[in-house]
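The values are calculated or read from the model by the stated rules, or taken from the named source; none is laboratory data. This structure is a prediction, so every number in the text was calculated from the model and none was measured. Every residue, glycine as well, gets a Cβ built from its backbone with ideal geometry; the counts of neighbours run over all protein chains shown.
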Amino acid sequence: MKYFIVLLVLVGSLYAEVKKEFYENKQLKSETSYKDGVKHGLEKKYYDDGQIYRSTSYKDGVKHGIDKDYYSYKGRTVITEYQYKNGRVLPGKKTFEKYDNKVRYLWKEIFYIDGKKIEEEYYKNGNIEAIIHFKDEKIKDTEERYYENGNLKRKIVYVGKKGDGYFQDILSEKVYANIKKVGLRGKRNALLHYKEAKRIAKSKEYYTDENQKLISESYEKACDLNHAESCTLLATILDRHRVFGYMKKSYKTSLHKKACDLGSGKGCFWLAWSYYHVGYDEVKDMPNTIKYYKKSCDLGFNSGCSNLAWTYLEGKEVTRDAFKANKYYKKSCDLGHDSSSCDMAKKLTDKGYN
């Protein structure tokens, strides 16, 4: 025999009610909020031992908000969250773990980037345990596993229709540095901040003080999440717009350095530029100028190649070397720089500096 209790509350001209259903052992089976006869608010369902197994949020009779599934076993509770909007489930889900009713932690999250399914697993300390890319909803593409300290343990590449996996040699740690630090979830958020800054930058009021501050704040958030281009763009804004007041050069240089360390050729270029273009009372740092122009060039940024070539050709602060100049003008030309690099490479080659 089932037992029901209905609590009615008059709110203005609307009736709100909470309907409760019980097991034969008098344990609560479910409790559901209604408004005007349809589900509105939370609905909770329980096992006959009193443990909750589902919590669903409704709005005007359809699922809207967070839907939670609970699974408990020997003191361990797994909570899976789905997000609904007007009756439709949104892509992705989050899974939490809780032991002995202690504070829960995020264990697993599924989300989508450009329509591709990605799953992240986490340790209790919040560090990433695994990042899994999927070819479709079920078949895995690649999987990266990490130790609890953040170091890469192994990478698995899945092949074939069934997604059979095999181990791939671990690449250099630097390749994975960005993922290890912020994870794909962080990269996704960084991209959102970057796009927001770009959106404001396209507006007609781009140069207002208020918008410049909003843009810089978005770039700063993205930079903190290791989005390299945002670090460089933030430094550029701080340098060009007086609304921020005096900004120490060391801070702007540190932003370019971070972008460079994250593998941005543009960041390395502006870092080299900052070492060369100094104040009247400062000495040019030519070793770092050469070092970072070369790194910028090696990363495929053509302006880094052309500036390095010009530095060697001028020979004012470094030993003149037309052979090296020609080498980097050629590379700049190959990378699609303006015709001046190609013209200079041709002239130096014709003169025998090949």
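Within segment 137-159, not a single residue is surrounded by 12 or more Cβ atoms within 10 Å (Cβ to Cβ) and under 22 Å from residue 192 (Cβ atoms).
On the stretch given as segment 45-77, residues that are under 26 Å from the mean Cα position of the chain (by Cα) and either surrounded by fewer than 17 Cβ atoms within 10 Å (Cβ to Cβ) or more than 18 Å from residue 31 (Cβ to Cβ) (or both) total 2.
Conditions (1) part of a helix (DSSP H, G or I); (2) at pLDDT 95 or above; (3) touching a His at 6+ places or on another chain (Cβ under 9 Å), marked per residue:
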| site | (1), (2), (3) |
| --- | --- |
| 250 | yes, no, no |
| 255 | yes, no, no |
| 263 | no, no, no |
| 267 | yes, no, yes |
| 273 | yes, no, yes |
| 278 | no, no, no |
| 281 | no, no, no |
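Given the condition at pLDDT below 55, farther than 30 Å from residue 136 by Cα and either out of contact with any Cys (no Cβ under 8 Å at 6 or more places or on another chain) or not in a helix (DSSP H, G or I) (or both), answer yes or no: does some residue in segment 231-242 qualify? Yes, segment 231-242 contains a residue that is at pLDDT below 55, farther than 30 Å from residue 136 by Cα and either out of contact with any Cys (no Cβ under 8 Å at 6 or more places or on another chain) or not in a helix (DSSP H, G or I) (or both). Restricting attention to segment 308-331, which residues are surrounded by 23 or more Cβ atoms within 10 Å (Cβ to Cβ) and within 23 Å of residue 261 (Cβ to Cβ)? Those that are surrounded by 23 or more Cβ atoms within 10 Å (Cβ to Cβ) and within 23 Å of residue 261 (Cβ to Cβ): 308, 311, 328.
Among the residues making up segment 77-87, those that are in contact (Cβ under 8 Å) with a residue 24 or more places away in the chain and either closer than 15 Å to residue 54 by Cβ or among the basic types (Lys, Arg) (or both) are 77, 78, 79, 84.
For segment 335-354, the tally of residues that are more than 44 Å from the chain's Cα centre (by Cα) and of a type in the set (Gly, Ala, Ser) stands at 1.
So that you can scan it fast, the table gives a plain yes or no per residue for (1) under 19 Å from residue 69 (Cβ atoms); (2) loosely packed, with under 13 Cβ neighbours inside 10 Å; (3) at pLDDT 90 or above; (4) assigned by TED's automatic domain parsing to the domain that holds residue 68:
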site: 1; (1), (2), (3), (4): no, yes, no, yes
site: 5; (1), (2), (3), (4): no, yes, no, yes
site: 9; (1), (2), (3), (4): no, yes, no, yes
site: 12; (1), (2), (3), (4): no, yes, no, yes
site: 15; (1), (2), (3), (4): no, no, no, yes
site: 18; (1), (2), (3), (4): no, no, yes, yes
site: 28; (1), (2), (3), (4): yes, no, yes, yes
site: 34; (1), (2), (3), (4): no, no, yes, yes
site: 43; (1), (2), (3), (4): yes, no, yes, yes
